[in-house]
Structures are given as C-alpha cells and as structure tokens.
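Every number in this text was worked out from the coordinates using simple rules, so none of it is lab data. Fair warning: this is a prediction, and the values are worked out from it, not measured in the lab. Cβ: placed from backbone, ideal geometry, glycine included. Neighbour counts: every protein chain shown.
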Amino acid sequence: MIRHALPVTTQGGPAAPNPGAPALPAALNRLRSAIAAMAYPLVLPSAEEGREVGDGLIAQLDDYLLPRLARLDAPLLVVVGGSTGAGKSTLVNSMVRARVSATGVLRPTTRSPVLVSHPADASWFRQGELLPGLTRTAGPTDAPDALQLVAAPALPPGLAFLDAPDIDSVVDANRALAVQLLAAADLWLFVTTAARYADAVPWQLLQTAQLRGTMVALTLDRVPTEAVNEITAHLREMLTDHDLGDVPIFVVPETVVGGQGLLPEIAAAPLREWFGQLAGDAAARAAVIRQSLDGALSALAPTVEGLASAADDQLDAARTLTDRVRAAYRSASRNAEQAVQDGRLLRGEVLGRWQDFVGTGELFRSLEARVGRLRDRVRSAVTGRPAPANQLRTAIESQLVTLIKGAATEAADAAHLAWRTHPAGAALLTPELAQPSADLPERAERLVRDWQRDVLELVRAEAGDKRFVARTAAYAVNATGLAVMIAVFASTAFIPTGLEVAAAGGTTVAAQKVLEAIFGDQAIRNLANRSREGLLRRIRALLDEEAGRYLRLIEAAGVPPEAVDATATAPGDRLRAAAVEVEQARAAAGLSGGTPYRLPDTLPGATGPLPGAVA
C-alpha cells in the first residue's frame with residue numbers, strides 16, 4: 001500500500017492546507033520582489049550565474065510554486081522529458097491512445113510543448129495560472145513561447161502529461177524551455193534509452209530534480225530483450241550512486257511502432273496502468289503534489305543563498321573599486337597639500353617675482369632690521385609699479401595650476417591602474433580615464449583665480465576692523481593679499497624651517513615681517529591659515545570631481561551610490577531575510593508533514609509488481 005505523508009480525504013481530492021499556509025504566498029511574493037530587484041551589473045565570475053539562477057527562480061515561482069500553492073487540488077502535472085530521440089512523444093501518444101504529439105525522424109521533433117489532459121481538467125490549464133508565460137494554443141505550432149493544449153478522453157481525470165522539448169536539443173531556446181518546464185513538474189517522467197542512459201546531460205538534470213525535491217519516475221526505452229537485466233541493473237546502480245535509488249524504473253523493450261505512431265499495447269500497458277492508478281487515488285496525487293511542492297520550497301533557501309553570495313560579490317567589488325579610486329585621489333590630495341605647505345611653491349618664478357615686487361635680494365638679507373624701509377618698498381611697488389604685482393599674481397597662479405594638474409594626473413594614473421587589475425574595473429574602464437578631464441586646466445585656472453579673489457576679500461574684511469584701519473590705511477589690499485598668498489606656502493605659519501629658507505631665500509621671513517607690520521602676529525597667522533585651508537578645500541573638491549568620473553561609471557553600471565554606503569542594508573542580506581521568511585512560512589504550512597513520500601512500484605488494487613516495472 002502507498003504510505004501517505006499527509007492527511008487526505010477519501011472523497012473529493014486532497015485535504016486543505018494547514019491554516020499557516022496563507023502566509024506562504026505572501027512570503028514567496030516578497031522573495032520574488034527581492035530577487036527581481038537584484039542585478040549583477042559588474043563583470044565578475046559569479047555575475048552570469050547569478051543572473052541565470054535569479055531568472056530561473058523567478059520563472060519557477062511564477063510557473064509553478066505560486067499557482068500550485070494557490071490550487072493544491074489542481075490536476076497533477078507530469079512533465080515528460082529526456083534526450084533527443086528518446087521516444088517521449090511516442091510514449092505520450094501511447095499513454096493517451098491518440099497521436100496528440102508529433103513524432104518523426106527529424107530533430108527536434110517537439111519544438112513547442114504539448115499538454116494533454118482529460119477534458120474535465122482542461123479549464124485549469126487554459127486559465128494560464130500554471131506556466132503563465134506560455135501562450136495557449138489549440139493546434140500545433142512551432143512558436144517557442146506557445147503551449148498546445150490537447151484534450152484526451154482516454155486520459156483519466158486528475159492527471160496531465162506535458163511533452164517537453166529535448167533537454168539536449170541543438171536549439172538553445174528548446175533546451176532552456178525544457179529546463180523551465182521540468183521546474184514546473186509535480187512529477188518528472190524522465191525518458192531515456194538503452195543506448196543513452198549514461199549520458200552526462202540527463203544526469204545533471206536528474207540531480208537538479210533531486211535537489212529541488214521534484215518526484216521522478218524513469219522510463220528506459222528501446223531495451224534489447226536479451227539485455228534487460230544487465231542494463232536495468234547498471235541503471236539502478238547509477239541511480240543509487242546519485243542518491244536516486246528509490247526512483248521507479250519502467251522498461252520498454254525494443255519494438256515496432258504502429259502506423260498511428262503508438263507503441264504496441266503490451267509495451268505501453270504497464271506504464272499506463274501505473275499512472276492510471278495514480279490518477280485514481282486522490283490521496284496519492286495529493287502526496288506527490290505536496291512533496292514536490294514542499295521539496296521545491298525547501299530548495300529555495302540554499303539557492304537564494306547562492307544569489308545572496310553573488311550579490312555580496314557585486315557589493316564587495318563596487319566598494320573595492322570605490323575605495324581604490326578614493327584612495328588614489330586622497331593620496332594625490334595629500335601630496336598637493338604637502339606641496340602647498342613645505343615651501344616647494346616658493347621656488348623659481350614665484351620667488352623671483354616676489355623679489356621684484358618688494359625689492360632686491362640684498363633687502364631680504366637685512367629685512368629684520370629695516371621693517372620700516374620694507375613698508376616703504378611695498379607702498380612704492382603698489383603705487384608706482386603695478387607690473388610686478390600682476391606678474392607675481394600670475395606666477396602664483398601658474399605654480400598652483402601646475403600643482404593641481406600634476407595631482408589630478410597622478411590620481412588618474414593610479415586609479416586607472418587600480419581598476420585595470422580588477423575584473424569589474426577593467427570592464428568599466430575607458431582610455432580617457434587614464435588622464436585628467438580635458439577641461440581640467442581651465443577649471444584649475446578658474447579655481448586659483450577664485451581663491452585669489454577670496455584671499456583679497458579676506459584681507460579686506462580683516463582690514464575693515466577698526467583695530468586695523470590705522471595700520472592699513474597706507475597699504476593697498478592687493479599688496480597685502482599677495483603677501484598673504486606667499487605666506488600660505490609655508491607650513492610653519494611664517495616661522496621658516498631650514499628647507500624653507502633654502503628654497504625661498506628668506507621669502508617667508510619677508511612675508512612675515514610685512515604682515516606683522518600691518519596686522520600683528522596673531523592676525524597674520526589666522527589670515528594665512530584661513531587662506532591655506534580655503535585653497536586646499538578647493539583643491540580637494542576639484543579632485544573629488546575628477547574621482548567622480550570613475551564613481552559615476554559604477555552607478556551607471558547599475559550599482560547605486562547608496563548601496564556602496566557601509567551603513568546601508570546589503571542586497572544579499574535582503575535576499576537572505578526574504579528566504580528565511582519563506583522557510584518559516586513553509587514550516588508553518590506543514591505541506592509535507594515531515595515524512596518523505598516514496599513513489600511506489602505497486603499501487604492500491606494491484607496484486608503485485610506492475611508488468612515492466614523494476615523495483
């Protein structure tokens with residue numbers, strides 16, 4: 001007798017689901033939304049598999065899990081699958097005693113699936129809840145997205161056969177459709193031959209069916225009479241090695257197919273009788289449906305974990321690429337900051353123009369004793385010799401622009417190299433990213449001019465204070481501003497180090513004395529510090545804009561900036577949470593009752609093993 005895993009009714013089909021079941025469809029829909037929202041845009045080893053697995057899960061949810069959960073009492077769907085030329089269509093025709101599925105020597109024969117059911121069950125399949133992505137047709141078609149519905153009075157109610165395309169078809173779309181249909185099966189009737197039962201592709205799909213919890217029966221077709229025992233024993237051994245030892249095997253010997261494309265009655269009868277008795281036992285159908293459904297549900301968690309890991313890979317890659325870019329531009333920014341403060345910019349042209357502006361080198365050597373004379377020199381430079389002031393301002397601008405361009409070039413080169421060594425980064429790179437933006441020189445010039453204006457405004461505001469009015473009346477703001485700019489380029493706030501003295505020939509001392517004579521010691525320190533910070537802030541902002549060229553590529557690929565934020569909930573964690581919710585709802589629904597169901601080799605009413613069935 002069949003061992004039932006669930007309570008059943010003896011009249012009118014399977015019992016109603018556990019009261020906890022209503023939560024299950026809602027949890028599945030939330031999981032579906034989480035899977036659909038997940039993208040794998042970055043080129044990584046796990047990305048392609050993630051997309052394929054995600055699409056497959058959504059298809060299984062839409063094609064089978066959600067519609068089947070909504071109608072546990074719907075007819076049991078047997079998907080007939082197997083290798084090219086295994087005789088699937090002939091077997092289906094023989095089971096329903098009519099030529100409902102095309103047969104022939106041309107391959108592939110079955111280009112679009114054929115679903116055969118009793119006329120009383122046809123309405124369920126016409127509604128399109130099961131396999132909703134396939135268009136229903138009443139006649140033969142080669143359309144890959146069509147499902148031909150055939151009513152067969154010889155088939156008992158409660159049972160339907162779906163003749164699927166070849167699992168190893170030469171047509172990619174056929175193979176994909178075959179896998180999709182097998183995922184929608186309550187029971188998979190796998191058909192192979194004595195010559196091909198050991199092929200790799202069928203065993204991969206048998207293993208997939210096992211992982212999904214789909215119940216399987218196997219038909220071994222075209223077996224030479226003298227080799228039945230040897231071949232079936234070997235097949236059983238292989239099934240046992242793959243943890244499929246409980247799968248019932250039905251043997252169809254080599255025989256001549258009749259003119260109507262049907263197997264002789266003696267060859268088809270054992271399998272037809274087996275399915276006939278299964279169709280007639282509502283409890284058995286319920287057990288098969290619920291166990292396959294529960295098996296598919298239990299397989300979601302490990303599959304979703306694989307998706308979550310692929311999502312983690314995407315996030316890790318996005319964060320790695322982001323960190324590499326930011327590190328490259330931070331390093332360049334630090335180098336620029338050091339160059340601004342260590343006296344480097346006080347060499348060369350700037351030094352020469354400053355000397356022209358305030359006097360000769362001999363003057364610098366005796367500055368400390370003659371601050372008053374320096375004041376006169378500055379006044380003369382401002383009122384009588386405007387050219388040196390302009391030349392000094394231009395020299396400062398030129399030095400800073402060169403510094404900024406060098407920092408941007410350094411950062412672009414480092415970021416480009418860092419991305420080139422990462423698979424996702426290499427796929428996003430474009431040649432122009434190896435250099436700063438084409439308009440960087442113009443933006444750098446604008447930055448320096450804006451900063452210079454800010455320094456003058458800062459000096460003007462400071463001079464507007466009543467405490468400084470008397471001291472500044474004799475000096476133009478422009479001259480004072482230039483002195484502040486020179487002072488900015490020393491990290492010690494006008495207390496020169498040996499390096500700075502060597503580099504600038506005492507320039508920082510000159511700047512210090514000029515400004516002290518105007519504002520006083522503390523005030524000039526504040527002016528220099530504020531001006532320096534304003535310059536560095538502008539340089540950092542410009543380099544951040546340059547880094548944005550890289551970061552926008554990550555966003556354009558499909559990774560939003562908020563996903564990279566370390567405080568945001570990772571997409572992989574959202575998938576895991578949705579899978580946990582499904583598992584909890586599944587446990588509450590109690591679909592399988594916790595007892596595995598085994599397809600029998602005998603059914604109620606049979607006196608012993610069915611003819612052709614191998615235990």
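Summary of values
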read-out: Footprinting exposure proxy for THR409, THR192, THR303 (fewest neighbouring C-beta atoms within 10 Å first); value: THR409, THR303, THR192
read-out: Proximal charge balance of ARG530 [Cβ under 10 Å; K/R count +1, D/E count -1]; value: -1
read-out: Alpha carbon centroid spacing (whole Å) that separates region 25-80 from region 271-335; value: 9
read-out: Residue-span extension gain [ALA301 to ALA438] - 0.36 nm each, minus C-alpha spacing; value: 44.3 nm
read-out: Label-point separation, ALA427 to SER331 (7 Å along Cα→Cβ), nm; value: 2.6
read-out: Net charge of neighbours whose Cβ lies under 10 Å from the Cβ of VAL223, counting Lys and Arg as +1 and Asp and Glu as -1; value: -3
read-out: Virtual spin-label span in nm between ARG537 and ALA154, 7 Å along Cα→Cβ; value: 8.8
read-out: Relative contact order for region 75-287, counting Cα pairs under 8 Å that sit 6 or more residues apart, in percent; value: 25
read-out: Gain on full stretching of the segment that runs from ARG552 to THR255 - 0.36 nm per residue minus C-alpha separation; value: 100.3 nm
read-out: Neighbour-count ranking [beta-carbon atoms within 10 angstrom, fewest first] of TRP203, TRP188; value: TRP203, TRP188
read-out: Approximate spin-label separation GLU49-ASP565, in nm, with each point projected 7 Å along Cα-to-Cβ; value: 3.2
read-out: Residue order, fewest to most surrounding Cβ atoms within 10 angstrom, among ARG68, ARG537; value: ARG537, ARG68
read-out: Amide H contacts of VAL252 (H built 1.01 Å from N, under 5 Å, at least 5 apart or other chain); value: LEU220, ASP221, ARG222, VAL223
read-out: Cβ-Cβ FRET estimate between ASP323 and ARG453, R0 fixed at 35 Å, reported to 0.05; value: 0.50
read-out: Charge tally in the Cβ shell below 10 Å around ALA23, where Lys, Arg are +1 and Asp, Glu are -1, ALA23 excluded; value: 0
read-out: Spin-label proximity, GLU129 to region 49-74 - amide N less than 15 Å from point 7 Å beyond Cα toward beta carbon; value: 62-74
read-out: Whole-angstrom Cα spans of region 208-260 along principal axes, big to small; value: 39, 27, 13
read-out: Two-site FRET efficiency, ARG420 against GLU265, from Cβ-Cβ distance with R₀ of 51 Å, rounded to 0.05; value: 0.15
read-out: Where only alpha carbons of region 75-287 are counted, the Rg and the Dmax (Å); value: 16.0, 47
read-out: R0 of 25 Å, Cβ-Cβ distance ASP199-ASP172: FRET efficiency to nearest 0.05; value: 0.85
read-out: Residue-span extension gain [GLN391 to ALA588] - 0.36 nm each, minus C-alpha spacing; value: 62.6 nm
